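The values are calculated or read from the model by the stated rules, or taken from the named source; none is laboratory data. The model shown is predicted, which means the values in this text are computed figures rather than measured ones. Don't worry about glycine lacking a Cβ; one is built from the backbone with ideal geometry, like all the others, and counts go over all protein chains shown.
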Amino acid sequence: MTRIKDLPDVIPIFPLPGALLLPRARVPLHIFEPRYLAMIEDCMKTPQRLIGMIQSRDLPGSDEKTLHSIGCAGRLTAFSETEDGRYLITLTGISRFRVRKEVAGFAPYRRTEVDWADFTRDQGQEETDPGLDRTRFFDLLKRFFSMHQLSTDWGSLTDAEDELLINSLSMLCPFEPDDKQALLEAPSLETRRETLVMLMEFGLHGGDDEMVQ
């Protein structure tokens, strides 16, 4: 279990539209830009080895991009280097965070001062979702996967615990960046599942059908 007092106040961030990391989940990343290669090298020198995954968004009336206020930090738990100098890494989600402000400095990548206090649930035990109706949920999921021509190991998915099931699908399903952000910001596993169901229903039927619970 990770405690708030063990988490740093400033972390490097990796803005990646459409990418989602959630607590206790894992995401593989292919790193090749020089600034992010430098970020990985610096990250490995720190005791926590944390990188903040966060989405950027357009500023109305401007070509510039700003950051969403909430992201998720992951610990670098796997690392390999290719012959041509690229990095293949895995981040394991530790906790969501709220951005306080960006930190100026000489690093080629962005860093932010962050607040962890709103996300103590992330630093506790794995969540369950007692309201999950797996029969109805998997019926919807199979129709959604069929429409998008997606494949999966249905046996492993059916046997997955609530949190692994819902968070993995939230990360992997082809939703828009704003939809991914809504899944990230869901305050509980139950509300994330409700959001996930709504998004799949919208994708299948334009949101006209009654939401599956």
Can you name the residue in the range 150-167 that is among the acidic types (Asp, Glu) and in contact with a Lys or Arg (Cβ under 9 Å, 6 or more places away or on another chain) and is also surrounded by the fewest Cβ atoms within 10 Å (Cβ to Cβ) among such residues?
Asp162
Taking the condition of being assigned to a helix (DSSP H, G or I) and either touching a Lys or Arg at 6+ places or on another chain (Cβ under 8 Å) or without any contact (Cβ under 8 Å) to a residue 12 or more places away in the chain (or both), how many residues in the range 186-199 meet it?
1
So, of the residues in the range 131-149 that are part of a loop (DSSP other than H, G, I, E, B) and without any contact (Cβ under 8 Å) to a residue 60 or more places away in the chain, which turns out to be surrounded by the most Cβ atoms within 10 Å (Cβ to Cβ)?
His148
Could you list, in sequence order, the residues of the range 168-185 that are assigned to a helix (DSSP H, G or I), in contact with a His (Cβ under 9 Å, 6 or more places away or on another chain) and buried (at least 18 other Cβ atoms within 10 Å of the Cβ)?
Gln181, Leu184
Assess whether Glu163 counts as being of a type outside the set (Lys, Arg) and in a helix (DSSP H, G or I).
yes
Per the list (1) free of Cβ contacts under 8 Å to residues at least 40 places away in the same chain; (2) part of a loop (DSSP other than H, G, I, E, B); (3) surrounded by 12 or more Cβ atoms within 10 Å (Cβ to Cβ); (4) not charged (D, E, K, R), residue check on Gly105 breaks on (3)
Does Leu91 meet the test of being on the phi < 0 side of the Ramachandran plot and outside any helix (DSSP H, G or I)?
yes
State all residues of the range 3-46 that are buried (at least 19 other Cβ atoms within 10 Å of the Cβ) and touching a Pro at 6+ places or on another chain (Cβ under 8 Å); if no residue qualifies, say none.
Met39, Cys43
Checking Val99 against (1) in the same structural domain as Leu21 (by TED's automatic domain parsing); (2) loosely packed, with under 13 Cβ neighbours inside 10 Å, the condition it does not meet:
(2)
Among (1) crowded, with 17+ Cβ neighbours inside 10 Å; (2) under 24 Å from Ser168 (Cβ atoms); (3) at pLDDT 95 or above, where does Ala78 come up short?
(1)
